[in-house]
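Q: Just dropping this structure here.
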Amino acid sequence: MLSENAVALLRFRVKGWRFPVRDRDHVTFEELVSAGIMESDGNGDYRFTDGLGARREKILQEEEDRIERERHEPPDASELSEAARGLLRSLVSGEKVEVDEMTRPLYRELTAARIMVPMHSFIGGWESSFRYTYWGWHRRFELAGMTRAKEPAR
């Protein structure tokens with residue numbers, strides 16, 4: 001299990017984003033060395049270990065997923081109204097449902113159930129859109145009471 005700092009650093013390196021190694025980064029790089037993911041290049045920088053190849057992206061995805069699973073509580077849809085569950089079914093089936101004065105209370109129900117989180121923007125204002133939580137996304141079919149036939153594009 002890698003720390004959040006090590007996962008963030010790994011994400012930068014997997015994406016090819018290079019930066020000078022600062023003194024405070026050595027502890028995090030050493031965590032990646034201990035995990036067998038990176039090694040010192042002998043010149044004050046670090047590189048991926050030989051043979052890691054495409055596995056580094058898989059390791060990164062697994063660690064990101066683990067952190068997200070630990071960060072958020074799973075949803076509780078037991079108190080959802082039928083209207084909110086209907087909105088969720090529409091969203092899961094791929095329908096674009098605009099946030100307006102009629103749908104905002106239903107989106108708020110999905111937020112209270114930890115299925116979605118509100119997003120804010122300068123132009124749209126408070127609660128102008130909503131996004132799935134980690135668990136809301138991964139359990140959306142179950143929470144909507146649907147079978148998982150075909151997953152719509154994310």
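The values are calculated or read from the model by the stated rules, or taken from the named source; none is laboratory data. Source: prediction; values computed, not measured. Cβ sites come from the backbone with ideal geometry, for glycine too, and all protein chains shown count toward neighbours.
Q: If you take just the strands (runs of 3 or more DSSP E) that sit entirely in region 41-138, which of them hold at least 1 residues that are assigned by TED's automatic domain parsing to the domain that holds Ala8 and out of contact with any helix residue (DSSP H, G or I) (no Cβ under 8 Å at 6 or more places or on another chain)?
A: The strands (runs of 3 or more DSSP E) meeting that bar are 46-48.
Q: Is there any pair linking a residue in region 42-69 that is on the phi > 0 side of the Ramachandran plot to one that is buried (at least 16 other Cβ atoms within 10 Å of the Cβ), with Cβ under 7 Å and at least six apart or on different chains, and which?
A: Listed by first residue and then by second, the contacts come to Gly44/Val21.
Q: How about region 34-54: which of its residues are within 25 Å of the chain's Cα centre (by Cα) and surrounded by 12 or more Cβ atoms within 10 Å (Cβ to Cβ)?
A: Passing the criteria: Ala35, Ile37, Met38, Phe48, Leu52.
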